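See structure below.
The values are calculated or read from the model by the stated rules, or taken from the named source; none is laboratory data. Computed from a predicted model, the values in this text were never measured in an experiment. Glycine gets a Cβ as well: all are built from the backbone with ideal geometry, and neighbour counts include every protein chain shown. Just so you know, the surface numbers come from the protein's heavy atoms only, side chains and all, with ligands and any DNA or RNA stripped out. Shrake-Rupley method; radii C 1.70, N 1.55, O 1.52, S 1.80 Å.
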Amino acid sequence: GAGLMAVGQKEQALRYLSSGQKRDCTNLSGSEKYNCDAWYWSLSGTHLDDAWKAIQSALQTQPQNSAYHDTATVVALSRGDAAEALRQATAAATLSPDDPYLLWQLYRLQAPGSKP
């Protein structure tokens with residue numbers, strides 16, 4: 001779904017993302033559900049205020065969870081808040097410095113003139 005969104009196939013992307021969210025998030029609860037919903041909403045560019053509230057709730061329960069900080073990065077980017085995205089990416093990479101994806105995410109956000 002995210003790939004389809006990136007290439008402008010919004011209608012089809014939203015169908016795939018909705019299906020994925022139902023498949024992946026329905027049976028979760030608590031911070032795991034908040035994180036999952038926030039991730040899918042940010043990828044689809046929908047419910048972004050709810051996505052931000054959800055990921056903040058997840059982080060309140062598990063502030064040391066690098067995956068939740070990564071979701072917060074993606075939500076912040078979807079909301080157009082590059083400074084917050086960089087703060088969250090820094091937190092994620094600091095918590096899991098051996099995760100190459102989190103390091104890549106941080107490096108791309110730190111790049112001069114970057115527009116992720």
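Residue by residue through segment 4-44, note down the ones that are within 16 Å of SER57 (Cα to Cα), over 15 Å from the mean Cα position of the chain (by Cα) and among the hydrophobic types (A, V, I, L, M, F, W, C).
Scanning segment 4-44 gives a single hit, LEU28.
Could you tell me which of the residues ALA67, ALA91 is more than 27 Å from ARG15 (Cβ to Cβ) and modelled with pLDDT of 95 or more? Full working, then the answer.
On the way: ALA67 fails: more than 27 Å from ARG15 (Cβ to Cβ).
On inspection, the qualifying residue turns out to be ALA91.
So is LEU43 touching a Ser or Thr at 6+ places or on another chain (Cβ under 9 Å), open to solvent by less than 50 Å² (accessible area, probe 1.4 Å), touching a residue at least 24 places away in the same chain (Cβ under 8 Å) and more than 25 Å from TYR107 (Cβ to Cβ) or not? Spell out the reasoning first.
Values: touching a Ser or Thr at 6+ places or on another chain (Cβ under 9 Å): yes; open to solvent by less than 50 Å² (accessible area, probe 1.4 Å): yes; touching a residue at least 24 places away in the same chain (Cβ under 8 Å): yes; more than 25 Å from TYR107 (Cβ to Cβ): no.
Taking the combined requirement at face value, the residue does not satisfy it.
Of the conditions (1) touching a residue at least 12 places away in the same chain (Cβ under 8 Å); (2) not in a helix (DSSP H, G or I), ASP24 clears all except one; give me its number.
With (1) touching a residue at least 12 places away in the same chain (Cβ under 8 Å); (2) not in a helix (DSSP H, G or I) applied to ASP24, the lone miss is (2).
Residues that are of a type in the set (S, T, N, Q) and touching a Cys at 6+ places or on another chain (Cβ under 7 Å): which helices (runs of 4 or more DSSP H) entirely in segment 59-116 hold 1 or more of them? Outline the logic, then answer.
Numbers: elements: 66-78, 82-95, 100-110.
In segment 59-116, there are no helices (runs of 4 or more DSSP H) which contain 1 or more residues that are of a type in the set (S, T, N, Q) and touching a Cys at 6+ places or on another chain (Cβ under 7 Å).
All but one of (1) within 21 Å of SER96 (Cβ to Cβ); (2) open to solvent by 20 Å² or more (accessible area, probe 1.4 Å) hold for GLN12; which doesn't?
(1)
Determine whether segment 52-63 contains at least one residue that is open to solvent by 50 Å² or more (accessible area, probe 1.4 Å), touching a helix residue (DSSP H, G or I) at 6+ places or on another chain (Cβ under 8 Å) and among the charged types (D, E, K, R).
No, the conditions are met nowhere in segment 52-63.
Would you confirm, using the coordinates I've provided, whether GLY1 is under 16 Å from the mean Cα position of the chain (by Cα), of a type outside the set (Ser, Thr, Tyr) and surrounded by 16 or more Cβ atoms within 10 Å (Cβ to Cβ)? Steps first, answer last, please.
Numbers: under 16 Å from the mean Cα position of the chain (by Cα): yes; of a type outside the set (Ser, Thr, Tyr): yes; surrounded by 16 or more Cβ atoms within 10 Å (Cβ to Cβ): yes.
It is true that GLY1 is under 16 Å from the mean Cα position of the chain (by Cα), of a type outside the set (Ser, Thr, Tyr) and surrounded by 16 or more Cβ atoms within 10 Å (Cβ to Cβ).
Suppose the filter is at pLDDT 95 or above and surrounded by fewer than 18 Cβ atoms within 10 Å (Cβ to Cβ); does ASP49 pass it? Write out each step before concluding.
Values: at pLDDT 95 or above: yes; surrounded by fewer than 18 Cβ atoms within 10 Å (Cβ to Cβ): yes.
Yes, satisfied.
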